[in-house]
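Here the structure is laid out as C-alpha coordinates; the discussion comes afterwards.
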Amino acid sequence: SATVAAPLSGENTLSSLTVSNATISPAFSAGTTDYTAKVPFSVSKLDVSATAKDSKAKVSVDSPTLTPNGNTKVTVTVTAENGAKKYYTINVFREQDPNYVASNNNKLSGITVDGFLLSPVFTENNTRYLIWLPYETESVSVSATAADGKASVQIVGGDTLYAGQDNEIKI
(Lines give C-alpha, C1' and ligand atoms only; values in the text may rest on other atoms or scores of the structure.)
Protein backbone atom coordinates (compact mmCIF):
# COMPACT_ATOMS: atom_id res chain seq x y z
CA SER A 1 0.00 0.00 0.00
CA ALA A 2 1.13 3.58 -0.59
CA THR A 3 -0.01 6.95 0.58
CA VAL A 4 -0.44 9.52 -2.15
CA ALA A 5 -0.61 13.18 -1.17
CA ALA A 6 -3.29 15.30 -2.71
CA PRO A 7 -1.96 17.58 -5.43
CA LEU A 8 -1.26 21.17 -4.42
CA SER A 9 -4.01 23.60 -5.30
CA GLY A 10 -3.54 25.89 -8.28
CA GLU A 11 -6.38 28.20 -7.23
CA ASN A 12 -5.03 31.76 -7.50
CA THR A 13 -8.09 33.99 -7.78
CA LEU A 14 -9.43 36.52 -5.34
CA SER A 15 -12.77 36.19 -3.64
CA SER A 16 -12.76 39.86 -2.65
CA LEU A 17 -10.90 43.07 -3.44
CA THR A 18 -11.77 46.31 -1.67
CA VAL A 19 -10.17 49.73 -1.42
CA SER A 20 -11.27 51.76 1.60
CA ASN A 21 -10.02 55.14 0.36
CA ALA A 22 -11.04 54.96 -3.32
CA THR A 23 -13.64 53.46 -5.62
CA ILE A 24 -12.35 50.93 -8.14
CA SER A 25 -13.89 50.53 -11.54
CA PRO A 26 -15.29 48.23 -12.73
CA ALA A 27 -16.81 46.66 -9.61
CA PHE A 28 -14.80 43.67 -8.36
CA SER A 29 -15.21 40.38 -10.16
CA ALA A 30 -12.83 37.43 -9.61
CA GLY A 31 -12.25 37.11 -13.36
CA THR A 32 -11.41 40.79 -13.88
CA THR A 33 -7.74 41.62 -13.29
CA ASP A 34 -7.52 45.29 -14.38
CA TYR A 35 -9.11 48.14 -12.45
CA THR A 36 -8.88 51.93 -12.33
CA ALA A 37 -9.35 54.47 -9.56
CA LYS A 38 -9.08 58.23 -9.18
CA VAL A 39 -8.10 59.77 -5.85
CA PRO A 40 -7.70 63.31 -4.52
CA PHE A 41 -4.23 64.65 -3.74
CA SER A 42 -4.77 63.97 -0.03
CA VAL A 43 -4.58 60.19 -0.70
CA SER A 44 -0.93 59.17 -1.06
CA LYS A 45 -1.40 55.37 -0.78
CA LEU A 46 -4.30 53.03 -1.48
CA ASP A 47 -5.69 51.06 1.44
CA VAL A 48 -6.26 47.71 -0.29
CA SER A 49 -7.78 44.58 1.25
CA ALA A 50 -7.78 41.36 -0.75
CA THR A 51 -8.81 37.82 0.12
CA ALA A 52 -7.90 34.73 -1.87
CA LYS A 53 -10.60 32.23 -2.83
CA ASP A 54 -8.38 29.40 -1.51
CA SER A 55 -7.27 29.76 2.12
CA LYS A 56 -3.93 28.12 1.24
CA ALA A 57 -3.08 30.83 -1.33
CA LYS A 58 -1.01 33.84 -0.33
CA VAL A 59 -1.97 37.43 -1.16
CA SER A 60 0.48 40.34 -1.32
CA VAL A 61 -0.22 43.97 -2.13
CA ASP A 62 2.37 46.28 -3.67
CA SER A 63 1.00 49.74 -2.92
CA PRO A 64 3.63 52.36 -3.73
CA THR A 65 3.29 56.05 -2.98
CA LEU A 66 0.92 57.51 -5.57
CA THR A 67 2.37 60.04 -8.01
CA PRO A 68 0.67 63.46 -7.89
CA ASN A 69 -0.95 64.41 -11.21
CA GLY A 70 -0.05 61.01 -12.61
CA ASN A 71 -0.81 57.32 -12.80
CA THR A 72 0.57 54.67 -10.46
CA LYS A 73 0.09 50.93 -10.78
CA VAL A 74 -0.87 49.07 -7.58
CA THR A 75 -0.43 45.30 -7.88
CA VAL A 76 -2.16 42.55 -5.93
CA THR A 77 -0.45 39.18 -6.36
CA VAL A 78 -2.21 35.91 -5.53
CA THR A 79 0.16 32.94 -5.24
CA ALA A 80 -1.54 29.54 -5.27
CA GLU A 81 -0.36 26.68 -3.07
CA ASN A 82 1.45 25.19 -6.11
CA GLY A 83 3.23 28.52 -6.84
CA ALA A 84 1.04 29.67 -9.74
CA LYS A 85 0.59 33.44 -9.65
CA LYS A 86 -2.18 35.74 -10.77
CA TYR A 87 -1.89 39.53 -10.80
CA TYR A 88 -4.64 42.06 -10.26
CA THR A 89 -3.72 45.67 -11.09
CA ILE A 90 -5.30 48.95 -10.07
CA ASN A 91 -4.19 51.90 -12.19
CA VAL A 92 -4.61 54.91 -9.93
CA PHE A 93 -4.70 58.55 -11.01
CA ARG A 94 -3.85 60.91 -8.14
CA GLU A 95 -4.86 64.55 -8.53
CA GLN A 96 -2.30 67.37 -8.48
CA ASP A 97 -1.46 69.17 -5.24
CA PRO A 98 -3.90 72.13 -5.21
CA ASN A 99 -1.06 74.35 -3.94
CA TYR A 100 1.37 73.27 -6.68
CA VAL A 101 2.71 76.07 -8.85
CA ALA A 102 4.61 74.95 -11.93
CA SER A 103 8.04 76.45 -12.37
CA ASN A 104 8.82 78.47 -15.47
CA ASN A 105 12.58 78.12 -14.92
CA ASN A 106 13.97 76.78 -18.18
CA LYS A 107 17.60 77.66 -17.46
CA LEU A 108 20.53 75.32 -17.18
CA SER A 109 22.87 75.01 -14.21
CA GLY A 110 25.64 73.43 -16.25
CA ILE A 111 26.84 72.08 -19.59
CA THR A 112 29.68 69.62 -20.03
CA VAL A 113 31.34 68.32 -23.17
CA ASP A 114 33.33 65.11 -22.65
CA GLY A 115 36.99 65.84 -23.44
CA PHE A 116 36.49 69.43 -24.63
CA LEU A 117 35.92 72.93 -23.26
CA LEU A 118 33.07 75.37 -23.82
CA SER A 119 33.92 78.82 -25.05
CA PRO A 120 33.07 81.06 -23.25
CA VAL A 121 32.89 79.41 -19.81
CA PHE A 122 29.32 78.42 -18.87
CA THR A 123 26.98 81.02 -17.37
CA GLU A 124 23.23 80.51 -16.95
CA ASN A 125 22.30 83.53 -19.07
CA ASN A 126 24.45 82.67 -22.10
CA THR A 127 22.72 80.53 -24.72
CA ARG A 128 25.45 80.23 -27.39
CA TYR A 129 28.80 78.49 -27.04
CA LEU A 130 31.59 77.21 -29.24
CA ILE A 131 33.50 73.97 -28.94
CA TRP A 132 36.77 73.80 -30.86
CA LEU A 133 37.33 70.24 -32.06
CA PRO A 134 40.14 68.50 -33.96
CA TYR A 135 39.35 68.03 -37.65
CA GLU A 136 39.00 64.22 -37.36
CA THR A 137 36.39 64.34 -34.53
CA GLU A 138 33.27 62.48 -35.67
CA SER A 139 31.10 62.88 -32.57
CA VAL A 140 31.00 64.61 -29.23
CA SER A 141 29.11 63.82 -26.02
CA VAL A 142 27.30 66.80 -24.49
CA SER A 143 25.37 66.73 -21.22
CA ALA A 144 23.45 69.45 -19.43
CA THR A 145 21.76 69.89 -16.07
CA ALA A 146 18.52 71.81 -15.62
CA ALA A 147 18.45 74.47 -12.90
CA ASP A 148 14.97 73.22 -11.91
CA GLY A 149 15.17 69.60 -10.75
CA LYS A 150 11.71 68.85 -12.21
CA ALA A 151 12.61 70.15 -15.68
CA SER A 152 13.85 67.82 -18.40
CA VAL A 153 16.78 68.33 -20.73
CA GLN A 154 16.97 67.10 -24.31
CA ILE A 155 20.13 67.23 -26.42
CA VAL A 156 19.88 67.08 -30.21
CA GLY A 157 23.02 66.65 -32.27
CA GLY A 158 26.64 65.87 -31.60
CA ASP A 159 26.44 62.24 -32.67
CA THR A 160 27.44 62.86 -36.30
CA LEU A 161 29.82 65.75 -36.96
CA TYR A 162 31.00 66.90 -40.36
CA ALA A 163 34.59 68.12 -40.75
CA GLY A 164 35.06 71.73 -41.80
CA GLN A 165 31.43 72.68 -41.07
CA ASP A 166 29.53 74.31 -38.27
CA ASN A 167 27.74 71.49 -36.45
CA GLU A 168 24.95 72.80 -34.24
CA ILE A 169 24.01 70.97 -31.05
CA LYS A 170 20.75 72.07 -29.44
CA ILE A 171 19.95 71.75 -25.75
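The values are calculated or read from the model by the stated rules, or taken from the named source; none is laboratory data. Since the model is a prediction, treat every value here as computed from it, not as a measurement. Glycine gets a Cβ as well: all are built from the backbone with ideal geometry, and neighbour counts include every protein chain shown. These area figures cover heavy atoms from the full protein model, side chains too; ligands, DNA and RNA do not enter into them. Shrake-Rupley method; radii C 1.70, N 1.55, O 1.52, S 1.80 Å.
List of remarks:
- For the chain, built as a Gaussian network whose Cα springs stay under 10 Å, the top-fluctuating residue of Ala144, Ala22, Ala50: Ala144
- Each residue of region 62-78 was assigned a 3J(HN,Hα) from its phi angle through the Karplus curve 6.51 cos²θ - 1.76 cosθ + 1.60 (θ = phi - 60°); the sequence is 9, 10, x, 4, 7, 7, x, 6, x, 9, 10, 9, 9, 10, 10, 10, 10 Hz, with glycine and proline shown as x.
- Tensor-based shape of region 1-143 (alpha-carbon gyration tensor, a/c under 1.5 rounded, otherwise prolate or oblate): oblate
- In order through region 3-20: 3J(HN,Hα) via Karplus (6.51 cos²θ - 1.76 cosθ + 1.60), integer Hz, x for Gly, Pro: 9, 10, 6, 5, x, 5, 5, x, 5, 10, 9, 8, 9, 8, 8, 10, 10, 6
- Proximal lysines relative to Lys170, as straight alpha-carbon distance under 29 Å, when same-chain residues fewer than 8 apart are discounted: Lys107, Lys150
- A Förster radius of 22 Å combined with the Cβ-Cβ distance from Val61 to Gln96 puts the calculated FRET efficiency at roughly 0.30.
- Residues with amide H under 5 Å from that of Ala147, placed H, sequence gap 5 or more: Lys107, Leu108, Ser109
- Taking 4 °C and 1.567 mPa s as conditions, region 69-133 diffuses translationally at an estimated 74 µm²/s according to Stokes-Einstein applied to its Kirkwood radius (Cα pairs).
- FRET efficiency, 1/(1 + (r/R0)^6) with R0 30 Å, evaluated for Lys38 and Ser15 via beta carbons: 0.75
- Relative contact order of the chain, defined on C-alpha pairs under 8 angstrom at six or more residues apart (%): 17 percent
- Shown in residue order for region 114-122 are the 3J(HN,Hα) couplings computed by the Karplus curve 6.51 cos²θ - 1.76 cosθ + 1.60 at θ = phi - 60°: 4, x, 9, 10, 7, 10, x, 4, 4 Hz (x for Gly and Pro).
- Accessible surface of the chain [probe 1.4 Å, protein heavy atoms]: carbon and sulfur percent: 49 percent
- Among the chymotrypsin sites (Phe, Trp or Tyr not before Pro) found in region 89-171, those both in a DSSP coil and sparsely packed, with 11 or fewer other Cβ atoms within 10 Å of their Cβ, are Tyr100, Trp132, Tyr135, Tyr162.
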